[in-house]
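The values are calculated or read from the model by the stated rules, or taken from the named source; none is laboratory data. Everything numeric here is computed off the predicted structure, so don't read it as measured data. Methodologically, a virtual Cβ is constructed for each residue, glycine included, from the backbone with ideal geometry; neighbour enumeration extends over all protein chains shown. The area values use the complete protein model at the heavy-atom level, side chains included, leaving out ligands, DNA and RNA. Shrake-Rupley method; radii C 1.70, N 1.55, O 1.52, S 1.80 Å.
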Amino acid sequence: MLGYFSVYKSGDEKYSGGVLIINEKGMPVSFKYTSPIKPTKIQKIIYGNNLKSYIASEIIGKKISEIAKDAEVLLVQENETLDFLSTDKPVAQLVSSKALSESSSFNGKEGIITLGQNYSAKISFSYEVSQELFKKISDLAEIFDILEPFGRLNEALSFVCSSEDS
Amino acid sequence: MLFRRQLTVKEIDLEVYSRLNTLKFDNISFADIRDVSPFFVFIDRSEELSINLIDAGFEDDESATVIAQTDIFSSDINEGCTFDDTTVKNAVLGVQSRVKHEESLRCPDILVHVGPEVSINSFSGIRTVIKEKKVKCFVVKNPVKELKISIEKKQILQMIEVIVKEHNVLISDLAFSGFYPQVPVARDVRYSWAGKKLYCESDSMPKVYMNAAGFYNSRRNERYLKFIRDPVTEEKSGKRNQS
């Protein structure tokens, strides 16, 4: 199963992180998220520019890593998020790519996955992984749009931040 | 005549009248009178030990020249009010003699500077809890050029014929747009299109998944989905039904 991880920052500076677990058919199995975090002024001053990375890695990242046990690999969108997660699972940045390729390619750490007929995605792992794992992901990319869940995840986190009863 | 000294505490917009506690000045001392503003008692050297209370007023033939001045001291004194004890030097008295001696000023209690109450709050970081929400079954499918199982042209043509019959369209208007692997099949699955992408949404987790083919009607700008009969899958489901 694939775990989609994202940290969302709302307009009023609330932070929420979540993980959406997708099964082999592309169907969501679970969605877990952190309650919205609204840093105080003093916390903003103390953490300064490191606030987001602190929240993402120390607060959200650690907790999410614990609850994403079902996921074989954690996928993130932002490159900086790649460093936030300290987990024993492989973490990879997955973004859409302009590179058009007839077939998927992989060099141990980075690869291009063809999505449908005219789309492709670039995957960059935090460390070298097996060809087998890459093939599994690229096979899943044939079954469902592996980039699309990020949109749903961020939409859900946006709702969490804006919802009062979250 | 009453001499008084007005201290204006600018910072807190407060006016007080205070008395001089001590003043080492030869011919001036203070009367200790309660409930009124302090006033001066002059000792006239020409008439030793003769004390004239200014408060009682002067007679016409009195030799002392007194210039009444309410603001005896320079305004610098005002700033002294932020301190418990202040020494004022070189003030000018109303008698036009310069005070070269020292005077101790004591602020009234209400002006005693009280430091802000300070408590130490340790910074305890940021905490959050994990929550879980139910998610709708939703998947987006991209078309692929080929499936892992081989599909014969004959099968594609059969599907087109079915679409022509069902939707009353011309074959020439239809175009094959791609295969969609493992599309969920259930009564409550709702299918929709966004370009070539196929959206499948359902309220419950579908148990059956089938390969499908997509077709596009350029005249009507419509898309059709036809499931591909897979002998292997059908055989499996047939065995399941028998058991």
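Going down the list A:LYS25/A:LYS109; A:LYS135/B:LYS148; B:LYS165/B:LYS226, which pairs span over 18 Å between their C-alpha atoms? Listed pairs above 18 Å: A:LYS25/A:LYS109. Exceedance of the 28 Å cut-off in Cα-Cα distance is limited, within the set A:LYS14/A:LYS69; A:LYS9/B:LYS207; A:LYS14/B:LYS134, to A:LYS9/B:LYS207. Accessible-area loss of 20 Å² or more (1.4 Å probe, protein heavy atoms, chain alone versus all protein chains) is found in segment B:135-153 for B:VAL135, B:PHE138, B:VAL139, B:VAL140, B:LYS141, B:ASN142, B:PRO143, B:VAL144, B:LYS145, B:LYS148.
Legend: translational diffusion of chain A by Stokes-Einstein, Rh = Kirkwood radius over C-alpha pairs, 10 °C, 1.306 mPa s; D = 97 µm²/s.
Accessible surface computed residue by residue for segment B:137-238, with neighbouring protein chains in place and a 1.4 Å probe, gives 59 Å² per residue. Mean projected area of the convex hull spanned by the Cα atoms of segment B:137-238, taken over all viewing directions: 6.8 nm².
Ligands, DNA and RNA left out, the 1.4 Å accessible surface of segment A:2-162 is 47% carbon and sulfur atoms. The apolar share of the surface of segment B:137-238, taken as the fraction of accessible area on carbon and sulfur atoms (1.4 Å probe, ligands and nucleic acids excluded), comes to 53 percent. Considering only DSSP beta bridges whose two residues both sit in segment A:69-143, what percent are antiparallel, to the nearest 5? So the antiparallel bridges amount to about 80 percent of the total. Chains A and B together bury roughly 3300 Å² of accessible surface, counting both sides and using a 1.4 Å probe on protein heavy atoms. Note on B:LYS165 and B:LYS133: with the Förster distance fixed at 35 Å, the Cβ-Cβ geometry gives a FRET efficiency of about 0.20. The largest accessible area among A:ILE45, A:ILE143 belongs to the first residue in A:ILE45, A:ILE143, and the rest follow in falling order (1.4 Å probe, all chains).
A 1.4 Å probe, protein heavy atoms only, puts the accessible area of A:ASP12 near 80 Å². Reducing segment A:31-54 and segment B:148-199 to their Cα centroids gives an inter-centroid distance of 48 Å. Remark: mean inter-chain Cβ contacts per residue of A:20-29 equal 5, using a 10 Å Cβ-Cβ cutoff to other protein chain atoms. Distance between the modelled labels on B:ASP188 and A:LYS122, one decimal in nanometres: 4.2 nm (7 Å Cα→Cβ projection). Under the simplified labelling scheme, the A:ASN79-A:SER96 pair shows an inter-label distance of 1.9 nm, with each label point 7 Å from Cα along Cα→Cβ.
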